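Readers should treat all values here as calculations from the given coordinates under stated rules, not as data from a laboratory. Not measured: the values here are computed from a predicted model. Every residue, glycine among them, receives a Cβ derived from its backbone with ideal geometry; neighbour counts consider all protein chains shown.
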Amino acid sequence: METTGSANTTTKTLKSLFQNPSDLLGIMSNPGKNGVDFYKSLSSKDKQYIAFAAGIGLIVYGIVLNRQKA
């Protein structure tokens with residue numbers, strides 16, 4: 001039986017990736033499971049930072065692809 005609630009989860013920060021490199025290695029070894037688990041444990045503010053960075057990355061990627069066509 002799966003339980004949900006804030007009492008069972010610990011909130012992590014993006015800063016913890018730099019302070020604890022084993023978290024980063026775990027994400028790189030199995031991004032599907034460990035990456036999603038880490039993302040779910042982030043605070044709402046850190047999730048917003050990730051979403052913003054991903055959006056900017058997609059915009060830049062689109063610009064680069066468009067320039068390569070020309």
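Does the stretch 30-67 hold any residues that are among the polar types (S, T, N, Q) and loosely packed, with under 10 Cβ neighbours inside 10 Å, and which are they?
Ser44, Asn66, listed by residue number.
Suppose we keep only residues that are among the small types (Gly, Ala, Ser) and outside any helix (DSSP H, G or I) within the stretch 13-70. Which one would you say is farthest from the chain's Cα centre (by Cα)? Talk me through it step by step, then tell me what you get.
In the first step, residues of the stretch 13-70 are kept if they are among the small types (Gly, Ala, Ser); the result is 16, 22, 26, 29, 32, 35, 41, 43-44, 51, 53-55, 57, 62, 70.
Keeping just the survivors that are outside any helix (DSSP H, G or I) gives 43, 70.
On the way: Ser43: 11, Ala70: 33 Å.
The qualifying residue farthest from the chain's Cα centre (by Cα) is Ala70.
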